[in-house]
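Only the coordinates and a few stated rules stand behind these numbers; no lab work does. Bear in mind the structure is a predicted one, so any value in this text is a computation, not a measurement. Counting neighbours? That spans all protein chains shown, and the Cβs are built from the backbone with ideal geometry, glycine included.
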Amino acid sequence: MKVEGQDWFYTDKVKTHFLKPKNYLKNEKEVKKFDGYGRVGNMKCGDIMEMWIKIQKDKIVDVKWRTFGCASAIASTSMLSEMLTEKGGMKVDDALRIRGKDIMDRLGGLPSIKIHCSVLGDEALRSAIKDYESKKVSKTKTK
Amino acid sequence: MKNYSYVKCLIFGELMPSKMSEKYLDFSATTPTRKEALAEATPFFLDKFGNPSSFHYKGLEARKAIEGAREKIAKILNCDIKEVIFTGSGTESINLALKGIAFKALLAGKRGTFISQKTEHHAILESLHWTEKLGFKIVLLTPNKKGIIEEETLRKALQENPDTLLVSIMYANNEIGTIQDLKTLSKVSHEFGVPFHTDACQGAEYLNLDVKELGIDMMTINGSKVYGFKGTGLLFKKKELIIEPLIHGGAHEFHLRAGTENVPGIVALAKALELAEKEKQKEGKRLTQLREHMIRRILKEIPFTYLNGTEKQRLPNNANISFEGVEGESILLRLNEKGIFASTGSACASQSLDPSHVLLGIGRSHGLAHGSIRFSLGKSTTKKQIDFTVNELKKIIKELRQLSAAWNKNKKSGEAKLRKKKVRK
């Protein structure tokens, strides 16, 4: 089957991440060891993403996620988690600069109708970083 | 008989070596052409290629084939041969029926109301929405939770809209397989002197097509759902009912559809419908058993799954199920990797951002509409295929739920909780 010049509905990269997603939360108990949590999206549009991050010395050292959504939504969150954790983890400042387009580029592109799905991943990440920072502030306050 | 060996090669599947591993469960999307229909149509592609309008033996040969096909179909529909109009698709037949009525009214300087319902096929809904631009009013009835239009709902709409030009209610729904009680609905329509059209594309293979018994004034059928060819269709239209054509040109099809007839397609459609009529009862029974088996297994073996539509008034080949906490396109593409082909009501698999208007129309939540899969069975479907599909489905749903942000393994998930609360109240 030829769709947009390819043998699948999306790029090979999307296919790989969709069929064998990386870094998703396998065990709910793992949640405790993370510092920040973000959740974006809603059931009406059909995409919901959750992200947990662990930060050490301003670097994201571990990421877990969960996604309700189509193949490209699952693949883009998986891709993002790989981008964050490869090369020993990404600096928080750099992570904050990630946009949907960066994820899409790494996936080798998405059909235009699907772009809103991948944009959610970076939003979930920023929401998790925000959560981490607000926790940090409240911790220093209590100290 | 000529030697059509290369066609035979196609018929016997030699060009598709991978066929053995396929589990095609999307017969409501389209059927293959059955080999008897293809065999009967083949000469009209080759040496019997004449134009039915020509005044020579070559033309006459083709003309006879078309009229023979029309006669066969008229017999099945229990109508006059002049009431069968061949078209290029189900969509075209629907456009001809609805816009044909609208244009007729326009030419008389009138406007009026069309009554239909929310869960119709887009061919109906979009055609009707277009007539709104010309000043027509449309009323879309809401079916009950099972997808059925109740007699009183239609009666009330007809009372409120005395200028109704046409009622159009589908025979069986393409997504959830719900069968409407056409006999009753057409009777109500006729009480108000309003003609009744039905889109019978999904029902034609399995249901009674006697237009007199059903009280139908116009009926749409297409070839691609009844093991005929794609790009073929017909509109049954009662002689007394006058409509305007959409395509002008020659005098073909009683001046209602100009253009040289698709002779092989028409021959194949007649053959397919003739065989469907013969096999209806037996095949309907076989598929009903398979479908019941499939639904029973899925609902029993996969938690938080829901049958969409009704159990009884349902097409023999349709199983439409919503899986809580997972999205349909993901399920579909995971199934695809196992050679299982189905379809979904999720927005992600369509070109729009909204999930199935049918599932929303019968009151399903967005979540369950996004998480719906339609399995539609057909001639080549076996119990082994169904069992293989359910087994794979179990694994896929488990995996996708594990990585879903709308599924919580420990707590009962959202929809289920809501349901429980409602029950307690």
### Summary
When the charge dipole of the protein assembly as shown is computed with +1 on Lys and Arg Cβ and -1 on Asp and Glu Cβ about the Cα centre, the Cα farthest towards its positive end, among B:Ala74, B:Gly309, B:Ala41, belongs to B:Gly309
### Task
Among B:Leu269, B:Ile373, A:Ser78, pick out the residue whose Cα is farthest towards the positive end of the charge dipole of the protein assembly as shown, where Lys and Arg carry +1 and Asp and Glu carry -1 on C-beta, about the Cα centre.
A:Ser78
### Task
Work out the mean other chain Cβ neighbour count within 10 Å for the residues of B:371-380 and drop it here as an integer.
0
## Note on the structure
Restricted to region B:38-275, the DSSP antiparallel beta bridge percent, nearest 5, is 45
### Task
Take the alpha carbon atoms of region B:343-410, find their center, do the same for region B:274-333, and report the distance between the two centers in whole angstrom.
12
### nm² value of the averaged projected area, convex hull over the Cα atoms of region A:5-143
9.0
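Please go through region A:1-66 and write out the trypsin sites (Lys or Arg not before Pro) that DSSP classes as loop and that have at most 11 other C-beta atoms within 10 Å.
A:Lys2, A:Lys26, A:Lys57
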#### Entry: Rounded, prolate or oblate (a/c below 1.5 giving rounded, otherwise prolate when a/b exceeds b/c) for region B:209-297 by Cα gyration tensor
prolate
### Query
From the Cα gyration tensor of chain B, with a ≥ b ≥ c the square roots of its eigenvalues, which class applies: rounded if a/c is under 1.5, or else prolate if a/b is larger than b/c, or else oblate?
oblate
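Enumerate by residue number the trypsin sites (Lys or Arg not before Pro) in region B:299-377 meeting two conditions: DSSP loop (anything except H, G, I, E, B), and at most 13 other Cβ atoms within 10 Å of the site's Cβ. Don't skip to the end; give the middle numbers.
Working: sites: B:Lys300, B:Lys312, B:Arg314, B:Arg334, B:Lys338, B:Arg364, B:Arg374; in loops: B:Lys312, B:Lys338, B:Arg364.
Within region B:299-377, the qualifying trypsin sites (Lys or Arg not before Pro) (loop, at most 13 other Cβ atoms within 10 Å) are B:Lys312.
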### Cross-link reach list, lysines versus B:Lys48, counting only Cα pairs under 19 Å and skipping chain neighbours closer than eight places
B:Lys2, B:Lys8, B:Lys35, B:Lys58, B:Lys64, B:Lys271
### Message
Please compute, for peptide B:93-100, the average count of beta-carbon atoms on other protein chains lying within 10 Å of each residue's beta-carbon.
### Response
0
#### Entry: Per-residue average of Cβ from other chains inside 10 Å of A:46-52
5
## Note on the structure
In the protein assembly as shown the DSSP beta bridges are antiparallel at a rate, in percent to nearest 5, of 70
#### Entry: Beta bridges per DSSP with both ends in chain B, % antiparallel, nearest 5
55
### Query
Looking at the square roots a ≥ b ≥ c of the eigenvalues of the Cα gyration tensor of region B:86-125, which shape do they give, rounded for a/c under 1.5, prolate if a/b is larger than b/c, or oblate?
oblate
### Query
Using only Cα atoms, what Kirkwood radius does the protein assembly as shown have, in angstroms?
26.2
### Query
Which of the peptides B:175-181, A:46-52 is most tightly packed, and how do the rest follow, going by the mean number of other Cβ atoms within 10 Å of each residue?
A:46-52, B:175-181
### Projected label distance in nm at A:Arg97 and B:Gln313, using a 7 Å step from Cα toward the beta-carbon
6.2
